[in-house]
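The values are calculated or read from the model by the stated rules, or taken from the named source; none is laboratory data. Keep in mind it's a predicted model, so treat the numbers as computed, not measured. Positions of Cβ are backbone-derived with ideal geometry, glycine not excepted, and every protein chain shown enters the neighbour counts.
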Amino acid sequence: MSVQITSPRFKDNARHALDDAPLQAALSKVGPGFIGRRTAARDLLPEFDALRDSARDIKNHTLAHLDLYLERFEAKVKEAGGHVHFAVDAAEAREIVTRICRDRGAKTVTKGKSMVSEEIGLNDHLVACGIEPVETDLGEYLIQIRGEAPSHIIAPAIHLNKDQVEADFRRVHTHLPPERNLTEPTALLAEARGELRAKFLAADVGITGANFLVAETGTSIIVTNEGNGDLTQTLPGTHIVLASLEKLVPTLEDVSQLLRVLARSATGQEMSVYTTFSTGPRRPQDLDGPGEYHVVILDNGRSAMLAGQLREMLRCIRCGACMNHCPVYHAVGGHAYGWVYPGPMGAVLTPSLIGIEKGANLPNASTFCGRCEEVCPVRIPLPKLMRHWREKEFERHLTPAPVRYGLGIWSFVARRGWLYRPATDLAMRLLAMAGRAKGRFASLPLAGGWTKVRDFPAPQGGTFQAQWKARKSGRAS
Amino acid sequence: MPSPSAQRPPLVGLFATCLVDTIRPSVGFAAATLIEAAGCEVEVPRQTCCGQPAFNSGDRVTTRALAEQTIAAFETFDYVVVPSGSCAGMIKTHYPELFVGEPDWMPRVERFCAKVFELVSFLVDVRGMTQVAARYDGRVTYHDSCSGLRELGIKAQPRLLLGSVEGLELSEMPDADVCCGFGGTFCVKYPDVSGAIVEKKAANILASGADTLLAGDLGCLMNMAGKLQRMGKDVAVRHVAEILAGQGDDPAIGVARKAGS
């Protein structure tokens, strides 16, 4: 089973999110925190924008030769004694992971943070197969014990506050003394650490995602701030890396450039606390590391994107800057988007992965303010790609009827100047008369979407074109 | 002001935009006044819509038809000036996307787009205007509309000219460059979300302590004015061109004309 898709109910989700006071309190901190830190980090690095160009170019080059780099990566992993598996879709990826776990007789699996794991609904599948998955990233652990999806791609529990976490810990960690003091955040952290330590040591398999897969060396790379990823991938006997195919990068030199924009764009750090490189299983001379090393590379619709107009989306390095700067995300949070990937990047990616029929709300629920594109470290033209989905929706007659009819009438009139001028002039004169006393309307037929939340100003009366013409002929006479 | 005596003054086609044409014609006259003050002649050819609502709704066929219509109506002018960052941005940055791979059209479209400017950036960047002859007694805050800011780089220009208005005090609001939640059809498709965004914007406007809100796009202005009025707040909302042209005595957006005036 995968994460429930509620994207078609975006409007209801958004309404609930707007009425959710604790959520709104949590969201009010997203903008100022992330935005300020990113801006400060950018300002300290004069070449930041040049690095963004370079990051874009590296990803474009990789995507143009992805077949080559995938083969190279696979050969290098094998050379290092590891295994590479290609999964066409989510079901195949789940099966591959489950098979590896079963072959090892795994009962407990620890997991580093992985959005691809969320995308394929891995946890529910493992549970159904009798295997216990344990999320070890603190945010992921919190949402796992709540049975929720992440609400942000790098800060999955950003929608929660401390009191909610305390209540969840008391609900789940029932073997601990109920009188314990959990008021301080450090106490919560210590409790999570204690719980997870036992799991790290008990785990038979460790699953991580990957921020990058390096073709020249067969290396997978994760960036984390908690160190949980390292314990996940080095302590168990088997390490499975779960990554989508656009994580490929040609060389370590390329990675070092991309890392310079990744953390700065994400959290405003120069580097994440941990940047961990994994190449193959433990070698005889190594002191630790897994006995087996697997990489599962997921397609799940991405090669179709590669061939089409959404290719630029595959440059995404999952920093989250787009949602951190998005006014819609700030208003409703990540869960309202109704699937795994929220914010502007989710608005482009989600319809590719679940279909435009289910995902149509997301590229529409944008003001096209352009701030996401302005901060994207790999310069993805997110509004343009959202507009691409709106075009697909329009072409396939999926646009909601009121929008379609309204637009159709407007288009019909606007394409006929001889009709537009008298029709608008008359309409504005009538509307101006109706609104003369107050200067505005608190409600207006056919404008319910507008007047639900704000007044509509009465027009001054008569169009500019008509008035201009009258004034000119007045001057001439 | 530059003297037009030596040679023929540049001829500007004023593209009023649908909203100015229908809702607030006084902005069109303010724009014409300013363009003339910058030493140009102004004409208003027959026009309708630049196609932006269709473009952002995914209707490429209508967008293309309206783009061709607009180009044909305006391409003979020396300049095309638009009192809106989003409509100017639509034409200047997005029209070429509609004609990609069409060598018959592309040079014509590019020649046309090179002549298109948002009003305030035309005055400052093209005509070198640094001051206006206007007076407005008020404390003003300025909202940076998204398209003008991010597609056309309009930020310093309106502030430069506002700085020359006698009696005007500029008081910046927090997050002046954050979207107001208008977003074209977005505001009616997702009214709840749009309402939440404009509510934050209204709070920032009020935090500035200004009695007047200005911006360069009528869509954003109508959204913010409508919200402030729904909240019962007494902030006069006007297009920046009105103040720069000395039309500050007109009733503000959404405010009734006093009886007898």
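Laid out as a table, the results:
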read-out	value
Residue check, B:E97 within 13 Å of chain A (Cβ to nearest Cβ), more than 24 Å from A:H388 (Cα to Cα) and not β-branched (V, I, T)	no
Matching entry among A:E184, A:E148, A:E140, A:E119 (being in contact with a helix residue (DSSP H, G or I) (Cβ under 7 Å, 6 or more places away or on another chain) and either charged (D, E, K, R) or modelled with pLDDT under 95 (or both))	A:E119
Checking A:R379 against (1) in a loop (DSSP other than H, G, I, E, B); (2) more than 10 Å from chain B (Cβ to nearest Cβ); (3) at negative phi, the condition it does not meet	(3)
Check on B:T76, in the same structural domain as B:E41 (by TED's automatic domain parsing) and surrounded by fewer than 18 Cβ atoms within 10 Å (Cβ to Cβ)	yes
Among (1) surrounded by 24 or more Cβ atoms within 10 Å (Cβ to Cβ); (2) out of contact with any strand residue (DSSP E or B) (no Cβ under 7 Å at 6 or more places or on another chain); (3) of a type in the set (K, R), the one test that B:R238 misses	(2)
Unique residue being of a type in the set (D, E) and either facing chain A (nearest Cβ under 9 Å) or at positive phi (or both) when the list is B:D211, B:D192, B:D217	B:D192
Qualifying residue in the stretch B:176-188 (condition: outside the structural domain of B:C49 (by TED's automatic domain parsing), surrounded by fewer than 17 Cβ atoms within 10 Å (Cβ to Cβ) and farther than 30 Å from B:E36 by Cβ)	yes
Any hit, the stretch B:246-256, residues being buried (at least 22 other Cβ atoms within 10 Å of the Cβ), in contact (Cβ under 8 Å) with a residue 60 or more places away in the chain and within 12 Å of chain A (Cβ to nearest Cβ)	yes
All positions within the stretch A:349-376 that are aliphatic (A, V, I, L, M) and either assigned to a loop (DSSP other than H, G, I, E, B) or within 14 Å of chain B (Cβ to nearest Cβ) (or both)	A:I356, A:A360, A:L362, A:A365, A:V375
Search result, residues across the stretch A:311-363 that are closer than 14 Å to A:E393 by Cβ and among the charged types (D, E, K, R)	A:E357, A:K358
Residues within the stretch B:120-135 that are of a type in the set (D, E, K, R) and surrounded by fewer than 16 Cβ atoms within 10 Å (Cβ to Cβ), tallied	1
Boolean, A:R379 is among the charged types (D, E, K, R), more than 13 Å from the chain's Cα centre (by Cα) and more than 30 Å from A:P459 (Cβ to Cβ)	yes
Unique residue being under 21 Å from the mean Cα position of the chain (by Cα) and surrounded by 13 or more Cβ atoms within 10 Å (Cβ to Cβ) when the list is A:L45, A:L18, A:L70, A:L66	A:L18
Count - residues of the stretch A:295-346 that are crowded, with 21+ Cβ neighbours inside 10 Å and among the small types (G, A, S)	9
Any chance A:G435 is small (G, A, S) and more than 7 Å from chain B (Cβ to nearest Cβ)	yes
Odd one out for A:S28 among (1) of a type in the set (S, T, Y); (2) more than 23 Å from the chain's Cα centre (by Cα); (3) within 14 Å of another protein chain (Cβ to nearest Cβ)	(2)
Restricting the stretch A:355-390 to residues that are surrounded by fewer than 18 Cβ atoms within 10 Å (Cβ to Cβ) and of a type in the set (D, E), the residue that is farthest from A:V328 (Cα to Cα)	A:E357
Lone qualifier among A:I120, A:I131, A:I143 - being surrounded by 24 or more Cβ atoms within 10 Å (Cβ to Cβ), of a type in the set (A, V, I, L, M) and either in contact (Cβ under 8 Å) with a residue 60 or more places away in the chain or assigned by TED's automatic domain parsing to the domain that holds A:L298 (or both)	A:I120
The stretch A:409-423: number of residues that are over 14 Å from A:L446 (Cβ atoms) and surrounded by 13 or more Cβ atoms within 10 Å (Cβ to Cβ)	10
Set A:A442, A:A447, A:A401: member being more than 12 Å from every other protein chain (Cβ to nearest Cβ) and more than 25 Å from the chain's Cα centre (by Cα)	A:A401
Qualifying residue in the stretch A:452-459 (condition: part of a loop (DSSP other than H, G, I, E, B), more than 15 Å from B:I23 (Cβ to Cβ) and facing another protein chain (nearest Cβ under 7 Å))	yes
Hits in the stretch A:79-103 (condition: among the basic types (K, R), farther than 20 Å from A:M115 by Cβ and in contact (Cβ under 8 Å) with a residue 12 or more places away in the chain)	A:R102
Among residues of the stretch B:28-80, those that are within 20 Å of the chain's Cα centre (by Cα), at the interface with chain A (Cβ under 8 Å from one of its Cβ atoms) and in contact (Cβ under 8 Å) with a residue 60 or more places away in the chain, counted	3
Qualifying residue in the stretch B:81-89 (condition: buried (at least 21 other Cβ atoms within 10 Å of the Cβ), in contact with a Pro (Cβ under 7 Å, 6 or more places away or on another chain) and closer than 26 Å to A:D425 by Cβ)	no
